[in-house]
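*Asks:* Quick one: this structure, given as structure tokens, is what I'll be asking you about.
The values are calculated or read from the model by the stated rules, or taken from the named source; none is laboratory data. This is a predicted model, so every value here is computed, not measured. We place every Cβ from the backbone using ideal geometry, glycine too, and count neighbours over all the protein chains shown. Just the protein is used for accessible areas: all its heavy atoms, side chains included, with ligands, DNA and RNA removed. Shrake-Rupley method; radii C 1.70, N 1.55, O 1.52, S 1.80 Å.
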Amino acid sequence: MTKTTPFSIKRRTFIAGSGAAALAAGVTGFPAVLRAQAPDPVRIGLVHPVTGFIAFSGTQCRAGAEMAIADINAAGGIQSLGGAQLEAMLADSQGRPELGASETARLIEGGAAGIVAGFSSAISLATTQEAAKTNTPHVVDVGVADDIVNRGLTNTFRFAPGYGAVAQSAVARLDEINKAANSPAKTAVIIHEESLFGTGTANLMSEELPKIGIEVLSVIRHANPTRDFTNIALQLRSLQPDLIIPANYYNEYVLLARTLRQQRIEAKGIYSVLGGAASNVQFVQEFPEAAEFIMDCNHWYDPNSEVALQRRAAAEAKNLFYTYEVFCAYNAVAFLADAIERAGSTEKEAVIEALNGSTWDNHGMPYGPTEIVNGQNQGAQAVNTQVQNGKIEVVLPAEFASAEAVFPMPSAG
């Protein structure tokens with residue numbers, strides 16, 4: 001694996017630049033530094049839902065992306081372009097795919113060299129399709145639908161895993177956790193939000209769970225937004241599943257978890273797949289009793305990585321919750337910037353070629369080697385987390401674990 005390109009001024013570049021400046025000063029009689037022009041900025045379009053029903057996650061994504069831009073600029077910018085600074089171009093999709101597409105077109109027309117978007121799968125499908133019209137490089141930060149990278153769009157890349165890979169990992173690790181406890185879980189109910197993300201995840205889990213001996217008693221869909229989960233809690237009380245498997249965005253996940261506790265719905269485990277809250281520090285801090293012992297198979301950083309821990313400390317110093325949206329968006333921008341650095345150009349085909357050949361490794365994630373195949377990083381994987389004693393712990397894979405899984409979950413009492 002090659003090392004990430006350092007963002008710092010090289011000595012030879014500095015000396016060459018200094019010599020050119022001295023020559024120009026001798027010819028004209030005026031210090032060249034007074035007339036020297038900084039290289040044009042490299043504009044990166046950021047399209048996220050910072051208003052609307054998923055505004056929390058969209059705002060977190062934007063914050064992570066802007067942190068990456070600030071860090072790269074502070075380290076010297078894009079050295080192969082003379083230290084060009086990255087410049088964020090901001091857009092709000094409001095959670096609406098059609099608006100995400102039109103805002104992507106606006107940013108590209110305004111000079112964006114690349115796009116990072118768009119948190120939700122539905123928005124990411126729209127933004128990547130729009131960017132493909134001009135072959136503009138587009139890196140998806142969080143959107144997990146595999147159709148995003150399976151449509152043959154050569155401009156589209158995703159550094160994090162999609163839900164096909166996540167669902168397979170989630171089922172295999174659930175099987176491992178269940179067998180280690182002598183297989184107490186035999187039935188499940190899946191509760192999912194209605195968009196492409198939730199529906200796709202529910203469909204995959206419905207297909208895979210019976211293969212490990214877990215019967216799916218029901219698949220329950222809910223709207224976005226949903227303000228009352230009492231009826232779903234009543235259905236769960238009637239069905240009495242061993243496992244409750246949510247796939248929702250943050251607000252609905254929190255409300256569902258709180259409702260389950262208030263209604264005293266008991267299960268052997270709450271096992272999320274890409275859950276919007278079980279791997280969320282804010283949820284754990286604000287509603288610790290509802291969060292305790294929930295497990296999630298989701299994006300998470302490597303708890304043993306100094307890079308990840310330093311970035312978490314920097315985010316928390318800005319009063320940010322270090323959620324997966326923050327570090328996934330950060331890495332999406334850094335992944336794109338590294339490709340521009342290696343391409344030495346903002347020319348679209350050159351950047352796309354550099355993205356396809358990426359081995360970028362300065363991500364702080366529990367991934368294998370970076371390998372891009374049809375736009376997807378094959379080294380990406382989700383991990384299993386569990387809330388234990390008010391802290392999010394990694395429980396699987398073992399090489400990244402900070403604690404052992406607690407299963408079945410203790411009764412709420």
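*Asks:* Please work out if Val395 is assigned to a strand (DSSP E or B), buried (at least 20 other Cβ atoms within 10 Å of the Cβ), in contact (Cβ under 8 Å) with a residue 60 or more places away in the chain and more than 19 Å from the chain's Cα centre (by Cα).
*Replies:* For Val395, the condition - assigned to a strand (DSSP E or B), buried (at least 20 other Cβ atoms within 10 Å of the Cβ), in contact (Cβ under 8 Å) with a residue 60 or more places away in the chain and more than 19 Å from the chain's Cα centre (by Cα) - is met.
*Asks:* Also, I was wondering about something else. Take the residues in the range 281-322 that are basic (Lys, Arg) and assigned to a helix (DSSP H, G or I); name whichever of them is surrounded by the most Cβ atoms within 10 Å (Cβ to Cβ).
*Replies:* Arg311
*Asks:* Among the strands (runs of 3 or more DSSP E) confined wholly to the range 113-162, which include 3 or more residues that are in contact (Cβ under 8 Å) with a residue 60 or more places away in the chain and open to solvent by less than 10 Å² (accessible area, probe 1.4 Å)?
*Replies:* 114-117, 156-158
*Asks:* Could you check the range 169-197 and list, in sequence order, the residues that are open to solvent by 20 Å² or more (accessible area, probe 1.4 Å) and either of a type in the set (Phe, Trp, Tyr) or farther than 14 Å from Glu215 by Cα (or both)?
*Replies:* Ser169, Ala172, Arg173, Glu176, Lys179, Ala180, Ala181, Asn182, Glu194, Ser195, Leu196 - these are the residues of the range 169-197 that are open to solvent by 20 Å² or more (accessible area, probe 1.4 Å) and either of a type in the set (Phe, Trp, Tyr) or farther than 14 Å from Glu215 by Cα (or both).
*Asks:* Here's another thing I want to ask about it. Which is within 26 Å of Gly275 (Cβ to Cβ), in contact with a Lys or Arg (Cβ under 6 Å, 6 or more places away or on another chain), assigned by TED's automatic domain parsing to the domain that holds Phe53 and not acidic (Asp, Glu), of Val140, Val144, Val116?
*Replies:* When all the criteria are applied, what remains is Val140.
*Asks:* From Gly100, Gly111, grab the single residue that is modelled with pLDDT of 95 or more, assigned by TED's automatic domain parsing to the domain that holds Pro366 and farther than 21 Å from Gly198 by Cα. Lay out the reasoning, then the answer.
*Replies:* Details: Gly100 fails: farther than 21 Å from Gly198 by Cα.
Matching residue, one of Gly100, Gly111: Gly111.
*Asks:* Now a separate question. Kindly indicate which of Ala233, Ala278, Ala223, Ala247 is free of Cβ contacts under 8 Å to residues at least 40 places away in the same chain, open to solvent by less than 10 Å² (accessible area, probe 1.4 Å) and either of a type in the set (Gly, Ala, Ser) or more than 22 Å from Ala167 (Cβ to Cβ) (or both).
*Replies:* Ala233
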